[in-house]
Structures are given as C-alpha cells and as structure tokens.
Amino acid sequence: MTTALFTHEDCFDHVTPPGHPEQVARLDAVLTALEGLPLKRHTAPLAADDDILLAHPSAYLYRIKSAVPDAGWAQLDADTHMSSGSLAAAYRAVGGAVRAVDLVLEGTHRNAFVATRPPGHHAERETAMGFCLFGNIAIAAKHALERHGLERVAIIDFDVHHGNGTQDLVDGDDRILFISSHQMPLYPGTGDPRENAMSDTIRNFALRDGDGGPEFRKLYTREVFPLVADFAPQLILISAGFDAHAADPLAGLRLVEEDFAWVTEKICDLADEFCEGRLVSLLEGGYDLVALGNSARAHVTVLEERGR
C-alpha cells in the first residue's frame with residue numbers, strides 16, 4: 001500500500017504580489033523535494049460548494065467568489081490576496097483534502113499528503129486571513145464525520161503559527177480534537193493556552209522564541225501525544241507547517257528536519273494504535289524554500305515508510 005500525494009497545477013496559478021512569502025515557488029520547492037519517492041500521485045479534484053459549506057456559510061463563499069479579480073490582485077486583508085487563478089487553486093486545496101480522506105478511509109491508501117496552496121489553517125468561518133481562503137483541514141475533518149460516519153477525528157497542527165481558523169471552525173464540535181503548538185507571541189496573536197481552558201477538545205500549547213527540538217519534543221511527549229491517545233481518534237489529520245524550522249524568516253523557533261521526521265513517526269505510531277494507520281497530512285506554512293523542501297521530504301519520507 002503506497003502513500004498518496006495529491007496536488008494540481010492550478011495551485012501554481014494562485015499568484016501573490018512580488019515579495020509575498022506565500023509564493024508559487026513554495027509548491028515547486030515541495031514537489032521537487034518529493035521527486036523520487038515512491039508515492040501514488042493523484043490529481044486534486046475541484047471541491048464542490050457543498051464541501052466548503054461544511055465549514056463556511058454560503059454568504060462567505062459568495063464573497064470569496066465575488067472577490068476574484070480579472071487581473072492583478074484583490075486584497076482581502078493585510079497579507080491575503082487573490083489573483084485570477086486563486087479561486088480554482090483554493091477549490092483544489094479543499095478537493096484534494098476531501099479526496100485524500102476518502103481514499104484513506106476506503107483503504108486505498110494508508111496515509112496521504114496534500115501538497116496544495118493556498119494553505120488553510122488561518123481561514124475563519126467568515127474571514128480570510130493569514131494567506132488562507134478556506135479551512136481545508138477543518139472541512140476534511142467534517143467530511144470524515146458527516147459523510148463517512150466517523151465519531152472522532154484528531155487534528156494536530158505543528159505550524160509555527162496558531163491555527164486560529166481551524167479552531168474557529170471546529171469550536172463546539174466535541175467530535176474533533178484540535179491541538180495546536182505554536183510560537184507565542186507571534187501572528188495571529190491568538191492561541192494562548194488559557195483561551196480554551198475549559199474545553200476538552202481544543203488545546204493550545206505555546207513555545208517561546210528560540211525554542212528548538214528539545215523543547216518541542218518534550219512538549220509533544222508530555223502533553224500532545226497523551227491527549228491524542230486519550231481521545232482515541234479514528235482518523236488523524238495533520239496541519240503540516242514547516243515554518244518552525246530554524247531557517248524560516250517569519251518566526252523564531254529552531255526546529256530542523258529531524259524534528260519534523262520525529263514528530264511524524266510519533267503521530268504515525270498513534271495512527272497505528274488507534275486508526276489502523278489512517279492519517280492525512282495537509283501542507284500549511286514554510287517560507288524558506290530550501291528548508292521547506294527538505295522538511296517536507298523528511299515528513300513525507302516517514303509517511304511513505306509507514307504507509308507501506
């Protein structure tokens with residue numbers, strides 16, 4: 001059984017302004033780094049509107065559709081832009097996530113990696129922000145619950161920034177365990193561990209500027225993995241942001257490729273124990289192109305080895 005890789009050329013048509021960190025070259029860096037790995041490559045399909053409506057209201061979807069420019073860029077917030085190709089790319093990102101869940105739950109693949117853009121974990125219910133238009137991973141979780149009949153899905157977000165959008169989209173749904181580890185203080189300014197102190201299914205963990213592999217591994221070993229084990233999910237989803245790498249220009253954590261490989265191994269252990277190995281990982285951040293490619297390869301290499 002091979003690991004599935006979902007991507008689509010439409011994701012190269014989401015063009016951001018010159019100098020923008022969430023650039024076309026990011027996807028090229030990831031796909032180039034994954035060359036040579038024995039993955040089963042799939043075309044990410046276009047999402048249906050009904051997929052997006054699992055997490056976002058129709059009025060928001062209409063606003064995003066209406067914002068697409070004929071040329072140049074539409075600016076949705078200080079750092080979130082749309083070009084003429086952005087809507088199709090965003091639909092591919094959602095569609096790839098949903099189809100990856102389908103194939104993993106059907107047993108066609110043990111796990112999958114969705115290499116698409118724009119990313120999704122900052123998109124709130126009615127707000128595009130942080131380079132994100134739709135909540136790709138929250139939609140994937142709700143798809144697994146509503147359409148495949150699962151009862152428990154865990155989302156683990158190790159992007160350096162708090163997954164505020166995912167939190168907003170899953171808040172109140174106790175079928176979804178959402179865990180975010182992130183640097184604080186840092187954009188978007190949310191994710192204080194006290195925010196959801198009374199929630200059993202939303203848990204935030206803060207790392208400090210300068211923290212590296214030892215602090216990251218200690219946090220996951222002591223806090224994150226036991227929470228996932230107690231929840232006993234039937235599917236694990238990963239928001240795989242690689243911007244906690246020491247080389248990343250947008251943050252100050254000091255992880256290296258081996259740390260991403262380590263956390264992937266441990267999450268695969270949990271998937272084996274509770275989910276029959278079923279795991280889907282979605283690309284989020286990572287803005288140093290070399291570090292992004294190397295980290296993505298380390299992550300997907302583990303998925304491929306564990307997915308055989």
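The values are calculated or read from the model by the stated rules, or taken from the named source; none is laboratory data. None of the values given here were measured: they were computed from a predicted structure. Cβ: placed from backbone, ideal geometry, glycine included. Neighbour counts: every protein chain shown.
Among the residues in the range 186-206, are any on the phi < 0 side of the Ramachandran plot, part of a helix (DSSP H, G or I), over 14 Å from the mean Cα position of the chain (by Cα) and surrounded by 22 or more Cβ atoms within 10 Å (Cβ to Cβ)? No, the conditions are met nowhere in the range 186-206. Quick one: would you say A229 is among the small types (G, A, S) and either in contact with a Gly (Cβ under 8 Å, 6 or more places away or on another chain) or under 23 Å from T166 (Cα atoms) (or both)? So A229 passes the test. For the range 151-203, a residue qualifies if it is acidic (D, E) and touching a Gly at 6+ places or on another chain (Cβ under 7 Å), and the qualifying residues are D157, D159. With respect to (1) closer than 23 Å to K266 by Cβ; (2) surrounded by 18 or more Cβ atoms within 10 Å (Cβ to Cβ), the lone exception for N164 is condition (1). Of everything in the range 252-270, what is more than 22 Å from A112 (Cβ to Cβ) and out of contact with any helix residue (DSSP H, G or I) (no Cβ under 8 Å at 6 or more places or on another chain)? Give them in sequence order. Passing the criteria: only G252.
A Cβ distance below 9 Å, combined with a sequence gap of six or more or placement on separate chains, defines the contacts here; from the range 61-75, residues that are on the phi < 0 side of the Ramachandran plot and in a loop (DSSP other than H, G, I, E, B) reach residues that are exposed (fewer than 15 other Cβ atoms within 10 Å of the Cβ) and of a type outside the set (A, V, I, L, M, F, W, C) in the pairs W73/P17. From the list P249, P226, the lone residue that is surrounded by fewer than 19 Cβ atoms within 10 Å (Cβ to Cβ) and not in a loop (DSSP other than H, G, I, E, B) is P226.
Go through R147, R92 for me and flag whichever is under 23 Å from A296 (Cβ atoms), modelled with pLDDT of 95 or more and basic (K, R). Break it down into steps so the answer makes sense when it comes.
On the way: R147 fails: under 23 Å from A296 (Cβ atoms).
After ruling out the rest, the residue left standing is R92.
Residues that are under 18 Å from G36 (Cα atoms), crowded, with 24+ Cβ neighbours inside 10 Å and not small (G, A, S) within the range 267-298 comprise just one, L292. The residues of the range 1-47 that are touching a Phe, Trp or Tyr at 6+ places or on another chain (Cβ under 7 Å) and more than 17 Å from A93 (Cβ to Cβ), listed by number, are T3, P17, P21. Restricting H20, H42, H14 to those that are at pLDDT 95 or above and surrounded by 23 or more Cβ atoms within 10 Å (Cβ to Cβ) reduces the list to H14.
Total residues in the range 183-230 satisfying the condition of being small (G, A, S), modelled with pLDDT of 95 or more, in contact with an Asp or Glu (Cβ under 9 Å, 6 or more places away or on another chain) and under 18 Å from I155 (Cα atoms): the figure is 2. The number of residues in the range 252-266 being outside any loop (DSSP other than H, G, I, E, B) and buried (at least 23 other Cβ atoms within 10 Å of the Cβ) comes to 5. Does the range 113-123 contain at least one residue that is part of a strand (DSSP E or B), in contact (Cβ under 8 Å) with a residue 24 or more places away in the chain and buried (at least 23 other Cβ atoms within 10 Å of the Cβ)? Checked against the condition, which is being part of a strand (DSSP E or B), in contact (Cβ under 8 Å) with a residue 24 or more places away in the chain and buried (at least 23 other Cβ atoms within 10 Å of the Cβ), the range 113-123 yields at least one hit. None of H81, H56 is part of a loop (DSSP other than H, G, I, E, B), buried (at least 18 other Cβ atoms within 10 Å of the Cβ) and not hydroxyl-bearing (S, T, Y) except H56.
Residues of the range 124-153 that are among the acidic types (D, E), touching a helix residue (DSSP H, G or I) at 6+ places or on another chain (Cβ under 6 Å) and outside any loop (DSSP other than H, G, I, E, B): E124 alone. Can you tell me how many residues within the range 229-246 are part of a loop (DSSP other than H, G, I, E, B), closer than 23 Å to R110 by Cβ and hydrophobic (A, V, I, L, M, F, W, C)? Result for the range 229-246: 2.
Residue pairs whose Cβ atoms lie under 9 Å apart, sitting 6 or more positions apart in sequence or on different chains, and linking a residue in the range 200-220 that is in contact (Cβ under 8 Å) with a residue 40 or more places away in the chain and under 19 Å from F242 (Cβ atoms) to a partner that is of a type in the set (K, R) and assigned to a helix (DSSP H, G or I), are R217/K266; Y220/K266.
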